[in-house]
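Data first, discussion second: the structure below is written as structure tokens.
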Amino acid sequence: MAKTNKGIASRSTILTEARHLLNEKGLSITVDMIASELGLTRGRITHFFPTKDSLMVGIMRDYEHELSELIHQFDWGKGPDFANSVDIMDRVLDLQYEYRCAIAFLAITTKNQPELHQHIEGSYYNRIDGIRMRTSYMVEKKLLHPQILEKENWEVYCFQYTNLLTTWVISQEMYHSKKAYKKMKPVYILGAMNLYIPYLTREGKKAYDAAMVPYVSSISDSEKA
């Protein structure tokens with residue numbers, strides 16, 4: 001049992017330390033370089049992760065686990081609305097930033113990496129189911145018009161939403177690298193939350209505007225600084 005626990009701890013440590021290195025040094029870092037940086041033999045890493053792809057899958061699974069825990073432990077109170085939706089999104093972006101190497105890696109995967117594609121597809125549909133449930137609740141509470149759930153609107157909304165909540169990591173690295181993540185985060189959040197605007201009811205617009213005040217103010221304050 002002790003040996004098993006030690007193996008689990010070693011695997012977890014490799015995933016955590018490799019993630020930090022990949023975040024800092026970029027995706028071009030190799031397994032050999034990771035081993036050197038961690039003071040390990042290559043064999044110690046490949047014992048758990050035979051390839052770099054399998055290492056990235058391990059990091060992504062850690063992310064998915066933490067994301068699931070975050071969402072399930074979040075206090076939804078009386079149910080999803082704009083205030084707690086933006087609150088959870090705020091926390092999700094922080095988690096994504098900690099796992100930004102894995103999210104960036106997703107953007108460059110190819111069909112020659114079936115293990116990754118299988119993982120991505122499965123996690124995508126699980127996430128969409130949760131988004132639809134929360135959106136349906138807001139329709140029931142008359143915060144959103146039912147049109148958002150119509151097939152053509154829903155597919156476009158999901159495409160925009162899921163892309164914005166992944167590609168912001170690429171934007172941060174490519175276009176906003178000179179700006180701190182904390183300064184850019186309100187922009188990324190508003191970019192995703194603004195997708196609700198075409199479907200807001202009158203009551204929904206009041207709730208939406210109130211929930212967005214801190215983020216709009218944060219951007220205004222940043223521009224004045």
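Using θ = phi - 60° in the Karplus curve 6.51 cos²θ - 1.76 cosθ + 1.60, the 3J(HN,Hα) couplings for region 174-188 round to 8, 10, 10, 5, 8, 10, 5, 3, 4, 6, 7, 4, x, 5, 5 Hz; x is entered for Gly and Pro. For residue 144, the residues whose modelled amide H falls within less than 5 Å of its own, excluding neighbours fewer than 5 places apart on the same chain, are 139, 201. Residue ranges 82-92, 61-71, 169-179 sort as 82-92, 61-71, 169-179 when ordered by packing (mean number of other C-beta atoms within 10 Å per residue, highest first).
Taken together, the values in this text are just the output of simple stated rules run on the coordinates, not laboratory data. As the structure is a computational prediction, the values presented were derived from the model and not from experiment. Note: ideal-geometry Cβ built from the backbone for every residue, glycine included; neighbour counts use all protein chains shown.
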